Each structure stands twice: as C-alpha cells, then as structure tokens.
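A.B. asks: First, the structure itself, so that you have it in front of you.
What follows is calculated from the coordinates using simple rules that are stated; it is not laboratory data. These numbers come from a predicted model, not from an experiment. No Cβ is skipped: glycine too gets one built from the backbone with ideal geometry, and neighbour counts run over all protein chains shown.
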Amino acid sequence: MSEVINYALQEIQEGKYKIETDEENLELILHPVLLKVFKKDDKYSFVVRNIISVNTDKPRFGPLCSSNTLNSRPARIRKTEVLKEPKIVLKMDEKIFNIIINVTNISIYPEYRDSFGSPCVMVSTVVLY
C-alpha cells in the first residue's frame with residue numbers, strides 16, 4: 001500500500017495564458033494546489049487540483065456556468081500564447097521535485113458566463129515531474 005509523504009513547499013508558480021477566440025480575448029490564470037503526495041517503493045504520485053481564473057475584454061451577462069449546462073459547442077480558439085507555465089517545487093526525502101502542470105486542452109463556452117461576465121472555461125492538465 002502507498003503511504004502519504006510529508007513535504008516542504010518551496011515554490012508555487014501560477015500559469016498565465018492569453019487566448020484569442022473569434023468573439024473575445026481572454027487571460028486565463030491557472031493556480032495549482034498540491035493536495036497530497038503518495039509514495040510506493042521508489043515511485044511518487046502527486047495529487048494536484050487547479051483553480052482557474054478567467055478575464056475577458058468583453059464581459060457580458062449570460063446563463064451562469066454549471067457542469068450540467070456545458071452542452072453547447074465550445075468556441076473556436078484562434079491563438080493561445082503561454083505567458084508562464086504553472087509549476088510546483090517541493091522538497092521531500094532530501095530531494096527537490098520540480099512538478100510541471102501541463103495543459104492538454106482548453107474549452108471555452110461563450111454562451112455561459114461566470115458571475116463576473118467572463119465565459120465558462122474548462123482546462124485539462126497532466127502532472128509531470
């Protein structure tokens with residue numbers, strides 16, 4: 001069975017992305033949160049959750065974001081620019097681990113809006129170390 005490992009957090013770096021769609025320009029900020037570290041034999045597993053924040057140049061009203069209402073077609077993304085990659089640096093077992101949070105997919109749902117007028121966004125990631 002795997003064991004939960006204690007660690008010392010050295011650094012957390014948020015990710016920043018500029019995204020252009022046909023209708024608006026967005027800034028997406030991804031805040032990684034390390035929940036747990038597991039170890040089995042000499043292998044580690046990192047449980048990371050991401051909090052995302054979206055800003056738009058054209059805020060507007062619309063139905064609020066909900067996992068039940070995201071059945072609409074996502075917007076076409078014309079361009080994505082990575083301004084800063086998200087990462088976590090931690091120390092455990094006398095080793096330094098650089099954990100990269102790699103974005104694998106971004107879906108934007110312009111029909112639906114958050115309470116600040118930005119479109120609903122879903123981000124998929126994988127954790128690399």
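A.B. asks: So how much slack lies between Val82 and Val127, counting 0.36 nm per residue of separation and subtracting their Cα-Cα distance, in nm? Before the final figure, lay out each step's value.
C.D. replies: Values: separation 45, 0.36 × 45 = 16.20 nm, distance 1.69 nm.
In short, 14.5 nm is gained.
A.B. asks: Got a sec? How would Glu23, Glu94 order by Cβ neighbour count within 10 Å, fewest to most? List each step's numbers first, then the result.
C.D. replies: On the way: Glu23 14, Glu94 5.
Least crowded to most crowded, the residues run Glu94, Glu23.
A.B. asks: Still on this structure, I have one more. If the cut-off is 14 Å between C-alpha atoms, which aspartates and glutamates fall inside it for Lys79, apart from same-chain ones fewer than 8 positions away?
C.D. replies: Glu20, Asp22, Glu23, Glu24, Glu27
A.B. asks: At a threshold of 8 angstrom on Cα-Cα distance, excluding pairs fewer than six apart, so keeping six or more, what relative contact order does the chain reach in percent? Intermediate results must be reported in sequence, preceding the final value.
C.D. replies: Values: 290 pairs, mean separation 36.6, N = 129.
Reported relative contact order: 28 percent.
A.B. asks: Now for a separate question. Compute for region 10-129: radius of gyration divided by Kirkwood radius, i.e. Rg/Rh, restricted to C-alpha atoms, rounded to two decimals. Write out the running numbers ahead of the final one.
C.D. replies: Details: Rg = 16.5 Å, Rh = 15.7 Å.
Result: Rg/Rh = 1.05.
A.B. asks: If you wrap a convex hull around the Cα atoms of region 77-121, how much volume per residue is inside, in Å³? Could you put the intermediate results ahead of the total?
C.D. replies: Details: hull volume 5.4 nm³, N = 45.
Output value, Cα hull per residue: 121 Å³.
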